[in-house]
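The values are calculated or read from the model by the stated rules, or taken from the named source; none is laboratory data. Since we're looking at a predicted model, the values are computed, not measured. Note that each Cβ is placed from the backbone with ideal geometry, even for glycine, and that neighbours are counted across all protein chains shown. The accessibility values were calculated without ligands, DNA or RNA, using every heavy atom of the protein model including side chains. Shrake-Rupley method; radii C 1.70, N 1.55, O 1.52, S 1.80 Å.
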Amino acid sequence: MAGMRRRVPIIGLVVLVALLSGTVFQVRASRGAARDAAEARQEAVRAAAAHAMSLLSLNHRTIDEDMKRVLVTSTGREHERYADGRAALRAATLKNKVVQTGVLRASALESAQAGKAQVLIVADAVIHWEDGKKSAPEERFFRWRMTVTEVSGRWLVSDSELVP
């Protein structure tokens, strides 16, 4: 009977250690998932900001590379829309010898769910024309809501709309 009394506390101790180990594992897994989700949200915001800067930074000397940068950071409707207008944008940029420099003012996550996020972007562009005319630089202000979608492990802008 004395041997039986010692086994019960040892079995209870083993069960308790197993339960505690399981709880610790679950807490660590939850923290890891939360950290992964936070990193994904940050990546979505960075992707939208990079896309906005690509849209706003155009130079007649590097227009083909500039347009490729926009296409590489987009997918879906955004990619199609930009690809459709690419020839006209290229022609106007070359004709007017445009140098447009984008400046990111702010970016913020509006909402997120698995594989998709809404990001708000505030940016400005300063436009210079090197066509020989003495035109003063022009400043333009942009406010976007961008839909960012995870595609094969990369965040890409799938849609955008200007907002007031």
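For the stretch 130-160, enumerate the residues that are charged (D, E, K, R) and touching a strand residue (DSSP E or B) at 6+ places or on another chain (Cβ under 8 Å). Once the filter is applied, which keeps residues that are charged (D, E, K, R) and touching a strand residue (DSSP E or B) at 6+ places or on another chain (Cβ under 8 Å), the stretch 130-160 yields GLU130, GLU138, GLU139, ARG140, ARG143, ARG145, GLU150, ASP159. Selection of the stretch 109-151 for residues being open to solvent by 50 Å² or more (accessible area, probe 1.4 Å), at pLDDT 95 or above and either in a loop (DSSP other than H, G, I, E, B) or of a type in the set (Phe, Trp, Tyr) (or both) yields only PHE141. Could you give every pair whose Cβ atoms fall below 8 Å, whose first residue belongs to the stretch 130-151 and is closer than 15 Å to SER54 by Cα, and whose second residue is outside any strand (DSSP E or B) and open to solvent by 70 Å² or more (accessible area, probe 1.4 Å), counting only separations of at least 6 or pairs across chains? Matching pairs, first to second residue: ARG143/PRO164. Taken residue by residue, the stretch 59-76 has no member that is open to solvent by 70 Å² or more (accessible area, probe 1.4 Å), at pLDDT 95 or above and either part of a strand (DSSP E or B) or on the phi > 0 side of the Ramachandran plot (or both). Applying the set (1) surrounded by fewer than 15 Cβ atoms within 10 Å (Cβ to Cβ); (2) without any contact (Cβ under 8 Å) to a residue 24 or more places away in the chain; (3) touching a helix residue (DSSP H, G or I) at 6+ places or on another chain (Cβ under 8 Å) to ARG86 leaves exactly one unmet item: (1). Spot the failing condition for LEU104; the list is (1) of a type in the set (A, V, I, L, M); (2) assigned to a strand (DSSP E or B); (3) in contact with a Ser or Thr (Cβ under 9 Å, 6 or more places away or on another chain), and only one is missed. In the conditions (1) of a type in the set (A, V, I, L, M); (2) assigned to a strand (DSSP E or B); (3) in contact with a Ser or Thr (Cβ under 9 Å, 6 or more places away or on another chain), LEU104 misses (3) alone. In the stretch 63-81, the residues that are touching a residue at least 60 places away in the same chain (Cβ under 8 Å) reach residues that are open to solvent by 10 Å² or more (accessible area, probe 1.4 Å) and charged (D, E, K, R) with C-beta atoms within less than 7 angstrom, at least six apart or across chains, in these pairs: GLY76/ASP159; ARG77/ASP159; GLU78/ASP159.
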